[in-house]
Amino acid sequence: MTPRADADVRPITEAEFPDWLRAVKTGFLQTPDLTEEEVEGRRARFVPGRYLGAFDAGRCVATFRSFDQELTAVGGARVAADAVSGVTVTATHRRRGLLTRMMERDLTAAKERGDVVATLVAAEYPIYGRYGFGPATRASEWTVDVPRAGLDARWAGPADGGRIDLVEAEDVRKLGPDLHERLCRVQPGAIDRDELWWKANTGAVRLEPSWKQPFFAVYRSASGEVEGMAAYEIDDHWGDAKQPLNTASVQWLTGVTPAAERALWQYLCSIDWVVKVKSGRRAPDDLLPHLLPDPRAAHITSQADWLWVRILDVVRALQARGYEAEGSLVLQVAGVDGLTGGRYRLEASAEGASCAPTRESAELTLGIGDLGALWLGDESAVRLAALGRIGEERAGAARKADALLRTSRRPWCPDLF
């Protein structure tokens, strides 16, 4: 077994990609079998230098990849993000610092490129805080008991003049990107979807051998404009008395207007034979439960942290986002690995913000990970202060931070990457 210091951590070559992908699947406890279609489909995202591996005697034993991403900040601005994914360390090579070496290498390169933040979705909670990431959004999943929901059983379509249509995969590839772009203009926490995402989620490219075609529904307003879209699948379950007990499981649902969301959820709950609807990952303050006459018919079946954010440039991150209140705040930010940190004065208003290094006395002290958790507006500085995570150097500073940073609607990242 190779000593820790001698492990070879480096960018992989394109020829090594199948072995790297096999190591990823091993790390996530999936079968290491690979199909040619799976390899070629995922190879389309290969960028030299952005795929890292750790090698022991020629075998890939740890993996890491990053890619360019656009993340929507509060107020709708899009910032350049270093999206981190495919992070694994094989069980035989744990506790050797392999992830630390790969993470430090990648974040240093991201900062040099000028990325404002780094992002990831954490499979395990305790891992990423030590690298300066903080949980910035949460996701909730509801299960709707349709017979209890109180919806009109005679519903046959939206009452607003709009309509629901089932469409084919090629229609989704044509209509979906523009709809998602509209969502990203207004939804803090949303990330861009590339062409491969649309191909993989409509079957044009098969990245998973078990993938099967879902149903696709589109909502068009009375003027004919596409304002919503959903992908869902339905199981085939019947009770002992020959009663249908099917569940509709939403893979993704996008609505850029409340009318579109209402119509799509009503449609899903009106499908014959469906007695339960699983919402898929939604924002914690999603409209869904309260669109039902009886909100208790929807109960939360899953709720957890989702998108994690690591601030790489404090000044640009705080200047990029919008603010619903006016005020100033001096922050002492403790960095990690020498990449980010210092003391900054934030001046914010509804018209914009400025942020610059300062020698003024700090009002609030916090780690870079806690700043990442606060940046999208979901976390509360008052709560973090109560937990002992951040320090108030001036009485009331945490409450002032909440007045500046928190948002009226919670951020949401619809996607896994």
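The values are calculated or read from the model by the stated rules, or taken from the named source; none is laboratory data. The shown structure was predicted, so the numbers you read here are calculated from the model rather than taken from an experiment. When we count neighbours, we look across all protein chains shown, and the Cβ atoms used for this are built from the backbone with ideal geometry, even at glycine. For accessibility, only protein heavy atoms count, side chains too; no ligands or nucleic acids. Shrake-Rupley method; radii C 1.70, N 1.55, O 1.52, S 1.80 Å.
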Inset, instruction - Summarise the long-distance tail of P(r) for segment 166-211 by giving the % of C-alpha pairs beyond 18 Å. - result: 36 percent
Legend entry - DSSP bridge orientation in segment 328-387 - percent antiparallel, rounded to nearest 5: 75 percent
Legend entry - Within the chain, helix-based [θ] at 222 nm, where runs of 4 or more DSSP H residues each add -39,500 (n - 2.57), nearest 500: -7000 deg cm²/dmol
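Determine by what factor the alpha-carbon radius of gyration of segment 362-417 differs from 2.2 N^0.38 Å, reporting the quotient.
Its radius of gyration relative to the 2.2 N^0.38 Å reference: 1.18.
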Legend entry - Percentage, to the nearest whole number, of Cα pairs in segment 275-376 over 21 Å apart: 50 percent
Legend entry - Qualifying lysines (Cα of each under 30 Å from Cα of Lys400; at least 8 residues distant if same chain): Lys111
Legend entry - Sulfur and carbon atoms: percent of accessible area, segment 108-184 [1.4 Å]: 48 percent
Inset, instruction - Hey, can you find the accessible area per residue of segment 1-111 for me, probe 1.4 Å, expressed in square angstrom? - result: 48 Å²
Legend entry - Those lysines that a straight Cα-Cα span of less than 26 Å connects to Lys199, excepting residues fewer than 8 apart in one chain: Lys25, Lys174, Lys212, Lys278
Inset, instruction - For segment 4-66, with all protein chains present and a 1.4 Å probe, just round the carbon and sulfur fraction of the accessible area to a whole percent. - result: 50 percent
Inset, instruction - Starting from the Cα of Asp294, step 7 Å along the direction of its Cβ; do the same at Lys111; then give the gap between the two resulting points in nm. - result: 5.6 nm
Legend entry - At 0.890 mPa s and 25 °C, Stokes diffusion of segment 164-309 via Kirkwood alpha-carbon radius, µm² per second: 149 µm²/s
Inset, instruction - Return the single residue from Pro214, Pro158, Pro244 with maximal mean-square fluctuation; model: Gaussian network over the chain, springs between Cα atoms under 10 Å. - result: Pro244
Legend entry - DSSP-defined beta bridges in the chain - what % are antiparallel, rounded to 5: 85 percent
Legend entry - For segment 12-78: relative contact order, % (alpha-carbon pairs under 8 angstrom, 6 or more apart): 31 percent
Legend entry - Rg and Dmax [Cα atoms of segment 49-204; Å; Rg one decimal, Dmax integer]: 20.8, 66
Inset, instruction - Specify the residue with the greatest mean-square fluctuation among Ser354, Ser223, Ser85, computed from a Gaussian network of the chain linking alpha-carbon atoms under 10 Å apart. - result: Ser223
Inset, instruction - Provide the packing ranking of 279-288, 388-397, i.e. peptides ordered by the mean count of other C-beta atoms within 10 Å per residue, highest first. - result: 279-288, 388-397
Legend entry - For segment 19-62, convex hull of alpha carbons as volume per residue, Å³: 82 Å³
Legend entry - Inter-probe distance in nm under a simple model that places probes 7 Å from Cα toward Cβ, at Asp160 and Ala91: 5.1 nm
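Round to the nearest 0.05 the FRET efficiency obtained for Ala386 and Ser223 when R0 = 56 Å and r is the Cβ-Cβ distance.
Given R0 = 56 Å and the Cβ-Cβ separation, E is 0.70.
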Inset, instruction - Send over the semi-axes of the chain's equivalent ellipsoid, whole angstrom and largest first, taken as the square roots of 5 times the C-alpha gyration tensor eigenvalues. - result: 37, 31, 19
Legend entry - Accessible area per residue, Å², segment 236-304 with all protein chains present, probe 1.4 Å: 51 Å²
Legend entry - Portion, in percent, of the accessible area of segment 275-368 that falls on carbon or sulfur, probe 1.4 Å: 46 percent
Legend entry - Extended-chain gain in nm, criterion 0.36 nm per residue less alpha-carbon gap, Arg130 and Trp238: 34.0 nm
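What does the extension gain come out to for Thr407 and Ala44, with contour length at 0.36 nm per residue minus their alpha carbon separation?
Length gained, Thr407 through Ala44: 126.9 nm.
If you roll a 1.4 Å probe over the heavy atoms of the protein chains, what accessible area per residue do you get for segment 308-359, in Å²?
43 Å²
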